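**Student:** This is the structure I want to talk about, given as structure tokens.
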Amino acid sequence: MPENTATVLLLNGPNLNLLGTRDPEQYGTTTLARVEERVVALGKELGVEVVCAQSNSEGGMVDHIHSARHYAGVVMNPGAYAHYSIALRDAIDAVEAPVVEVHISNVYAREEFRRTSVTAPVAAGYVAGCGIVGYELGLRAVLSRAAERRD
């Protein structure tokens, strides 16, 4: 990628390192490594560099968001932290970069507690229930949001 290439952070939260083996009925059998490969490849097609990170800790996710504050955007699957992490919500709200929240499963068709996201109200977009293609939709959405901010 050229030096002036925009960068997007693909950030995955707790338990997503187990994609492919954890509850395949809900999350499918595609591994996180494969998801990352697909999003990085799409990023190249779209002319952006995608940097991938995963953390099982809330503080680790906050640190990643802070480090991406000047990126073109962040595509983030916060996992269970979406439902209660005020620290993650505040980190998203504190950075310039647009954040698009992604969930593999349709959280609205699952347990009641999954239907509330404290992070979604400060996100620039939200994708849920589209399987792993949701990450690719999230990348397209975050780049669109970033372009809107530049205009």
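**Student:** Would you rank E136, E45 by solvent-accessible area, highest first, keeping every protein chain in place and using a 1.4 Å probe?
**Tutor:** Ranked from most to least accessible, the order is E45, E136.
**Student:** Ordering H70, H64, H83 by how much accessible area each has at a 1.4 Å probe, largest first, what is the list?
**Tutor:** H70, H64, H83
**Student:** Moving on. Amide H to amide H, which residues 5 or more places from A128 or on other chains are under 5 Å from it, using H placed in the peptide plane?
**Tutor:** H103
**Student:** For the residue pair V133 and R34, what label-to-label distance in nm results when each label sits 7 Å from Cα along the Cα-to-beta-carbon direction?
**Tutor:** Modelled inter-label distance: 1.6 nm.
**Student:** Place +1 on the Cβ of every Lys and Arg and -1 on the Cβ of every Asp and Glu in the chain, take the dipole about the Cα centre, and give the residue among A97, V39, Y27 whose Cα lies farthest towards its positive end.
**Tutor:** Farthest along the dipole direction, towards plus: Y27.
**Student:** Provide the solvent-accessible area of V133, counting protein heavy atoms only and rolling a 1.4 Å probe, rounded to the nearest 10 Å².
**Tutor:** V133 exposes around 60 Å² with every protein chain in place.
**Student:** What's log10 of I(q)/I(0) for region 67-151 at q = 0.16, 0.18, 0.21 Å⁻¹, Debye sum over Cα points only, no solvent?
**Tutor:** -0.57, -0.71, -0.94
**Student:** If you don't mind, another one. Any idea what the dipole of region 1-141 comes to, in debye rounded to 20, about its Cα centre with Lys/Arg Cβ at +1 and Asp/Glu Cβ at -1?
**Tutor:** Value, rounded to 20: 220 debye.
**Student:** May I ask you to evaluate 6.51 cos²θ - 1.76 cosθ + 1.60, the Karplus curve with θ = phi - 60°, for each residue of region 23-33 and list the ³J(HN,Hα) values in order in whole Hz, giving x for glycine and proline?
**Tutor:** Taking θ as phi minus 60°, the curve returns 6, x, 5, 7, 10, x, 10, 6, 6, 4, 4 Hz for region 23-33.
**Student:** For I86, what accessible area in Å² do you get when you roll a 1.4 Å probe over the heavy atoms of the protein chains, rounding to the nearest 10?
**Tutor:** The accessible area comes out at roughly 90 Å².
**Student:** What percent do you get for the relative contact order of region 8-151 when only Cα pairs under 8 Å and 6+ apart count?
**Tutor:** 25 percent
The values are calculated or read from the model by the stated rules, or taken from the named source; none is laboratory data. A quick note: this is a predicted structure, and the numbers were derived from the prediction, not measured. Cβ coordinates were reconstructed from backbone atoms using ideal geometry, including for glycine residues, and neighbour counts include every protein chain displayed. These accessible areas exclude ligands, DNA and RNA; they are computed on the full protein's heavy atoms, side chains included. Shrake-Rupley method; radii C 1.70, N 1.55, O 1.52, S 1.80 Å.
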